[in-house]
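This report concerns only the one structure given below.
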Amino acid sequence: MRALVLHEKSRMSIEEVEAPGAPGPGQVRIAMHTVGICASDVHYWTDGKIGPFVVEAPMILGHEGAGTVLEVGEGVTDLAVGDRVVMEPGVPDPTSRAVKEGNYNVDPGVEFWATPPVHGCLADEVLHPAAYTYKLPESMSFAEGALIEPFAVGMFAATKAEISPGDVAAVVGAGTIGIMTALAALAGGASTVFISDVLPEKLALLDGIDGIVTVDATQQDLGETVRDATGGWGPQVVFEATGAAPAYKALWSLPAPGGRIVLVGMPVDPVPFDIATAQSRGVSLETVFRYANVHQKAIDLAASEAVDLSPFVSETFAFDDSVAAFERFLEGRPTDVKIQITL
């Protein structure tokens, strides 16, 4: 079968590789249809590593996928040949303590697609556990299905925020994850979600969504804008979705007294934590790493009228043009949210 293989930094190509074969007990064999490009895929291509994860052997890229079931293994009863599906790319060790404690996303032994040395899903076919494979509603396209993975990050962030009905939320950063988080927070009960970015073109993609207020960070201060709109109080929930060190300077005083900060973006290097300000304002802190127990909810919400993911697919490339798709990602066009590849 064909696959997009990364050999080392700056060297990847479409190649013929060995097909995965028949599914084992509890597995399904899936024909991939649409795969989104994540920044992590691009980092492995441009840098050959992300932190401790280093590409030391050829690796198939891609972890945001949707496709069709071709074959089911022994014991699989909730999926059938022909089902359109979405896959959760991280598979934990079911015997691990993290799984037993309900935190499978931080299982040290998790096998996550396209994280060295685990192969990803930018290939004609994959095998995957049925337990981490979900039916795609008929109302949703494969493109929307491939957006469920990043949307699940936003869903997990909104879940960790414990939003109460009517809360005002603020999101720092309108990249893919920031946008997904804003949509999830709004659907999760926030009365208003303020979202800031330095690219007005990104913010313009959210125009017309009731309940979302955009803030051009080059012209306005997010904290001042929210306080002005809330009688000086501020947002009950703040999501940091950039991972950029400068965003942390004003972060600790951004929530309302007694509010909550949810750290979604991951800084490359350590950032300062103003403990005294957070303590004196009674601010609590939550962190997000990938997601756990939210994929089905993310699919159900995306299939409802509350959320429409389709406007955030910016461009779709044929599989033969995969390298061009990665090059497009590197252009960093301000209106791009998600670049996808179809097989």
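So the values come out like this:
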item: Pairs where the first residue, in segment 56-84, is touching a residue at least 40 places away in the same chain (Cβ under 8 Å) and of a type in the set (A, V, I, L, M, F, W, C) and the second is open to solvent by 40 Å² or more (accessible area, probe 1.4 Å) and outside any loop (DSSP other than H, G, I, E, B), C-beta under 6 Å, 6+ apart; result: A66/H33; L70/R29; L79/V72
item: Hits in segment 307-343 (condition: within 18 Å of T242 (Cβ to Cβ) and hydrophobic (A, V, I, L, M, F, W, C)); result: F312, F329, V337
item: Residue that is nearest to T230 (Cα to Cα) [pool: residues in segment 145-170 that are among the β-branched types (V, I, T) and part of a helix (DSSP H, G or I)]; result: T159
item: All positions within segment 41-68 that are out of contact with any helix residue (DSSP H, G or I) (no Cβ under 9 Å at 6 or more places or on another chain), under 21 Å from P20 (Cα atoms) and open to solvent by less than 30 Å² (accessible area, probe 1.4 Å); result: I60
item: Cβ pairs under 8 Å, 6+ apart, first in segment 8-20 and farther than 20 Å from T115 by Cβ, second open to solvent by 80 Å² or more (accessible area, probe 1.4 Å) and of a type outside the set (A, V, I, L, M, F, W, C); result: I14/D320
item: Tabulated pairs, segment 314-333, first assigned by the TED database to the domain that holds T46 and closer than 21 Å to L205 by Cα, second part of a loop (DSSP other than H, G, I, E, B) and among the acidic types (D, E), C-beta under 8 angstrom, 6+ apart or interchain; result: S314/D336; E315/D336; R328/D336; F329/D336
item: Any hit, segment 130-146, residues being open to solvent by 40 Å² or more (accessible area, probe 1.4 Å) and more than 27 Å from V86 (Cβ to Cβ); result: no
item: Residue within segment 19-27 that is at positive phi, open to solvent by 20 Å² or more (accessible area, probe 1.4 Å) and among the polar types (S, T, N, Q) present; result: no
item: Tally of residues being open to solvent by 50 Å² or more (accessible area, probe 1.4 Å), of a type outside the set (A, V, I, L, M) and in contact (Cβ under 8 Å) with a residue 24 or more places away in the chain across segment 85-107; result: 1
item: Of all residues in segment 171-213 being assigned to a strand (DSSP E or B) and either open to solvent by less than 30 Å² (accessible area, probe 1.4 Å) or modelled with pLDDT under 95 (or both), the one that is nearest to A157 (Cα to Cα); result: V171
item: Enumeration of residues in segment 69-83 that are crowded, with 19+ Cβ neighbours inside 10 Å and in a strand (DSSP E or B); result: V69, V72
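The values are calculated or read from the model by the stated rules, or taken from the named source; none is laboratory data. A quick note: this is a predicted structure, and the numbers were derived from the prediction, not measured. Glycine also receives a Cβ, built like all others from the backbone with ideal geometry; neighbour counts cover every protein chain displayed. Calculation scope for accessible area: heavy atoms of the full protein, side chains included, ligands and nucleic acids excluded. Shrake-Rupley method; radii C 1.70, N 1.55, O 1.52, S 1.80 Å.
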